[in-house]
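Engineer: One structure is given below, represented as structure tokens, and several questions about it will come after.
The values are calculated or read from the model by the stated rules, or taken from the named source; none is laboratory data. Since this is a predicted model, take the numbers as computed values, not measurements. So basically every Cβ, Gly included, is an ideal-geometry build from the backbone, and we count neighbours across all protein chains shown.
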Amino acid sequence: MTNSRGQPTPEFPSKGIVMFAYNSDYDYVKIANVSAALAQKWTGLPVTLITDEFGALQAGSHFDNIIIQPSNGSNKRRTRTTHDGPAIVIDWKNLNRASVYDLSPYEQTILIDCDYLTFSDTLYELTWTNVEFTCHKEVYDITGQNCFYSDKRLSQYSIPMLWATVIYFTKCSFSKSVFDMMKLVQENYEYYAKVYGFRASPFRNDYALSIAYHAMSGYGLDELIPYKLNTLSPMTDVIDFRGFETGQLLYQYMNKGKLHTGMSEKVNLHVMNKAIFTDDIIRKMTHYAQG
């Protein structure tokens with residue numbers, strides 16, 4: 001058996017990490033390279049990248065396996081490049097997520113966004129559990145501003161929202177049913193938007209996951225990740241990365257008209273502002289991951 005680079009591959013291990021990355025307005029594959037390096041440092045698990053042929057050419061050495069899968073179209077999303085900058089509309093190619101069950105080569109898979117940065121071993125601890133499927137329900141804005149207060153439910157009187165940023169699943173009938181249901185929601189997104197009372201555009205994997213998991217689990221939320229998803233909002237800027245033994249991420253944000261600076265250390269982090277991944281930040285993070 002050979003991988004997409006034509007190199008021999010061993011038998012797929014039972015545990016591993018999977019991420020999707022398709023370049024659009026941002027170089028997501030470049031971001032995925034550093035995310036994979038950090039994940040390998042802290043988990044020791046193999047990492048599989050799912051991307052298109054162009055992305056495969058850009059993939060770094062931290063991926064143990066590359067699966068070439070064309071992107072399933074694109075989405076339009078509004079974001080900011082700095083905390084005080086104007087909102088811009090970008091292309092976003094992340095419509096293949098529900099296919100991860102079919103594509104993952106692992107019996108136990110940790111699916112992460114390519115902008116999820118690993119600075120502790122809590123990600124690996126997911127593989128120690130005896131649950132078949134789990135993800136985050138609670139998110140925590142590490143600036144303390146509670147920027148995600150409106151993301152608690154799909155709409156004011158709807159079901160709780162689950163986050164698709166980190167998903168752990170095993171190859172089992174329940175996991176398959178969740179991802180199959182996600183595909184159904186995606187194919188009929190306008191209908192489900194009306195039923196659950198949210199906007200039909202843009203498509204959100206979080207919403208599809210929320211509907212699918214609630215439906216397949218009988219609306220039980222007993223086996224979700226018990227700690228919150230630490231997150232930096234799109235309006236937070238990362239200004240430096242230092243501390244090559246501890247991994248200190250410095251960030252800035254506005255609060256009540258004043259500019260504040262904060263620091264995270266040894267905390268896994270979902271970074272929503274993709275513009276922070278400058279060449280300098282990526283170089284420093286990669287150096288840390290290889291240390």
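Engineer: Which residues, taken from segment 196-231, are assigned to a helix (DSSP H, G or I) and of a type in the set (Ser, Thr, Tyr)?
Structural biologist: 196, 207, 210, 213
Engineer: Applying the selection to segment 94-132, what residues are over 17 Å from residue 42 (Cβ atoms), small (Gly, Ala, Ser) and surrounded by fewer than 21 Cβ atoms within 10 Å (Cβ to Cβ)?
Structural biologist: 99
Engineer: Looking at segment 203-228 only, could you name the residues that are exposed (fewer than 14 other Cβ atoms within 10 Å of the Cβ), touching a residue at least 24 places away in the same chain (Cβ under 8 Å) and under 19 Å from the mean Cα position of the chain (by Cα)?
Structural biologist: If the condition is that a residue be exposed (fewer than 14 other Cβ atoms within 10 Å of the Cβ), touching a residue at least 24 places away in the same chain (Cβ under 8 Å) and under 19 Å from the mean Cα position of the chain (by Cα), then 227 is the only one that fits.
Engineer: Out of 106, 140, 157, I need the residue that is touching a strand residue (DSSP E or B) at 6+ places or on another chain (Cβ under 8 Å) and in a loop (DSSP other than H, G, I, E, B). Which one?
Structural biologist: Step by step, each of 106, 140, 157 is checked, and only 106 is touching a strand residue (DSSP E or B) at 6+ places or on another chain (Cβ under 8 Å) and in a loop (DSSP other than H, G, I, E, B).
Engineer: Answer yes if at least one residue in segment 54-61 is surrounded by fewer than 19 Cβ atoms within 10 Å (Cβ to Cβ), at positive phi and modelled with pLDDT of 90 or more, and no otherwise.
Structural biologist: No, because not a single residue in segment 54-61 is surrounded by fewer than 19 Cβ atoms within 10 Å (Cβ to Cβ), at positive phi and modelled with pLDDT of 90 or more.
Engineer: So how many residues does segment 238-291 have that are outside any strand (DSSP E or B), in contact with a helix residue (DSSP H, G or I) (Cβ under 8 Å, 6 or more places away or on another chain) and among the aliphatic types (A, V, I, L, M)?
Structural biologist: Total satisfying the criteria: 3.
Engineer: Return the residue satisfying two criteria in turn: it lies in segment 229-261 and is without any contact (Cβ under 8 Å) to a residue 24 or more places away in the chain and β-branched (Val, Ile, Thr), and of such residues it is nearest to residue 275 (Cα to Cα).
Structural biologist: 239
Engineer: Can you name the residue in segment 268-291 that is loosely packed, with under 15 Cβ neighbours inside 10 Å and touching a residue at least 12 places away in the same chain (Cβ under 8 Å) and, of all such residues, is farthest from residue 29 (Cα to Cα)?
Structural biologist: Per the stated criteria, the residue is 291.
Engineer: Somewhere in segment 121-132, is a residue in contact (Cβ under 8 Å) with a residue 12 or more places away in the chain, more than 19 Å from residue 268 (Cα to Cα) and in a loop (DSSP other than H, G, I, E, B)?
Structural biologist: Step one: list which residues in segment 121-132 are in contact (Cβ under 8 Å) with a residue 12 or more places away in the chain, which gives 121-124, 126-127, 129, 131-132.
Still in the list and also more than 19 Å from residue 268 (Cα to Cα): 131-132.
Subsequent filtering for residues that are in a loop (DSSP other than H, G, I, E, B) retains 131-132.
Yes, that holds for at least one residue.
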